[in-house]
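This report concerns only the one structure given below.
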Amino acid sequence: MLHPGQARTFGDVHQAGRRARRPSALPAMVAAASLLLALIAGTPALGASSVEEVTPDLVPKAELPLAPAEEVNVSVAPAAPPPSGRTSPAIVEVEFEIVEQITAIDPATGVEYETWGYRIPGDETVSGTPGPMIRARVGDVMRFTIHNPESNAMPHNVDFHAVTGQGGGAANTTVVPGMTAVIEARLLYPGMFMYHCAMSDVPEHISRGMYGGILVDPAEPLPAVDHEWYIVQSEYYTTSTEPGLVETDRAAITAEQPTMVVFNGAQGALTGASAPVMQVGERARIYFVNAGLNLISSFHPIGSHWDVVYPEAALLGDPLRGSQTTLVPAGGGTVVELVGQAPSTIILVDHALARTCDKGALGMVMIQGEENPEIFEAISIG
């Protein structure tokens with residue numbers, strides 16, 4: 001039961017609290033003391049920001065040169081484009097075309113699915129899932145062209161997590177079949193970022209394969225390594241995993257229950273003859289994106305460690321060292337490094353292992369070279 005004068009709503013509580021307060025000199029005293037301490041300590045006064053600015057000083061676009069013609073800014077997974085070697089920003093031109101096609105998402109068993117993706121114009125050797133890896137430098141302006149061929153059926157666009165602007169560029173890259181769009185976007189933060197289609201049914205567009213990664217190198221580049229690879233984890237939500245053409249299971253998307261979890265667009269894409277290779281004593285860096293749609297990845301190298309980890313692919317801070325498993329949220333990325341300590345086959349997995357054992361999230365890195373019993377030696381068995 002409410003008593004006379006008792007507050008009846010949150011608004012009443014707020015107003016009652018205001019009525020109950022009496023003027024006090026305490027806030028003014030605290031503010032004065034804080035200001036005095038700030039002046040004594042030489043720290044910023046109240047209202048001033050003490051956060052270090054990390055975005056680059058901008059060279060006007062009109063003063064930027066085009067990136068050199070020999071600079072490679074895009075590559076097809078698992079290859080990563082090489083570092084530019086530039087020490088100043090430039091205009092980087094990138095062009096994609098959208099592809100809608102039937103793709104073998106489990107080539108070993110013959111499961112096929114209509115995927116939608118991005119590819120380098122004219123490259124009909126790839127499905128476009130994942131899309132090409134883009135590489136640029138912080139402070140660059142990316143001049144991005146996207147073309148949706150008339151032969152396609154759907155409108156598409158691109159949301160770049162690396163881009164500061166409406167929808168990451170999605171609003172201004174929406175193209176129906178037969179259209180082309182061009183944007184220019186300044187790359188303000190270094191890191192490994194996802195890009196994806198952001199049409200009205202975002203979940204279906206991503207789950208059909210419309211995703212990829214863009215690396216924005218910091219002004220001070222990461223140390224050189226022997227190998228760099230590009231890996232994307234993603235999920236398929238299909239009505240079946242039996243051989244033949246399968247359809248989208250929209251209810252499974254909503255329930256966040258994928259039928260397949262894969263690396264680089266298909267089961268087996270990073271195994272056997274398609275597995276990356278390194279030698280004992282070499283160091284490899286992996287630029288990793290978790291496209292989702294829904295799941296957090298527990299990215300782990302069975303038989304090794306992540307010698308270096310940049311959590312969430314944030315390249316401005318110091319990395320972690322000697323990690324076993326790193327978490328990568330849906331829509332996020334990481335940058336990790338492996339060292340070839342002994343000859344072996346490193347198994348790359350999502351350590352939520354039902355996704356590996358039952359749904360396909362498995363890749364390999366082949367380490368070749370001489371045995372090193374100081375690192376590992378089989379003594380006996382049986």
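The numbers here are math on the coordinates, done by the rules we state, and not lab data. Treat the numbers as computed from the prediction; the structure is a model and nothing was measured. Counting neighbours? That spans all protein chains shown, and the Cβs are built from the backbone with ideal geometry, glycine included.
List the relative contact order of the chain as a percent without decimals, with contacts defined as Cα pairs under 8 Å and 6+ residues apart. Let's see the in-between values first.
Values: 900 pairs, mean separation 48.1, N = 382.
Answer for the chain is 13 percent.
Of all beta bridges that DSSP places with both ends in segment 227-368, some 75 percent have antiparallel geometry.
Using the Karplus relation 6.51 cos²θ - 1.76 cosθ + 1.60 with θ = phi - 60°, the per-residue 3J(HN,Hα) values for segment 157-173 come to 7, 9, 10, 8, 5, 7, 9, 9, x, 3, x, x, x, 4, 4, 9, 10 Hz, with x marking Gly and Pro. For mean projected area of the Cα convex hull in nm², the value computed from the atomic coordinates appears in the list (1) 31.3; (2) 20.6; (3) 19.1 under label (1). Annotation note: GluC sites (Glu not before Pro) in segment 201-278 located in DSSP loop regions with a Cβ neighbour count of at most 13 within 10 Å are GLU247. Inter-label distance, GLU150 to VAL72: 3.5 nm, where each label sits 7 Å from its Cα along the C-beta direction. Measuring between their Cα centroids, segment 305-357 and segment 95-135 lie 25 Å from each other. In segment 227-368 the Cα-Cα distances spread across 10 Å bins starting at 0 as 12, 42, 32, 12, 2 percent of all pairs. Counting only Cα atoms, the size of segment 280-323 along its three principal axes is 36, 27, 15 Å, in decreasing order.
In sequence order, what are the phi-derived ³J(HN,Hα) couplings for segment 242-251 according to the Karplus relation 6.51 cos²θ - 1.76 cosθ + 1.60 with θ = phi - 60°, rounded to whole Hz, with x for glycine and proline? Here the 3J(HN,Hα) series is 7, x, x, 7, 10, 10, 6, 9, 5, 5 Hz. For segment 61-217, the square roots of the Cα gyration tensor eigenvalues, ordered a ≥ b ≥ c, give a/c of at least 1.5 with a/b greater than b/c, which places it in the prolate category.
Note on segment 61-217: antiparallel DSSP beta bridges, both residues inside, total approximately 70 percent of the bridges counted.
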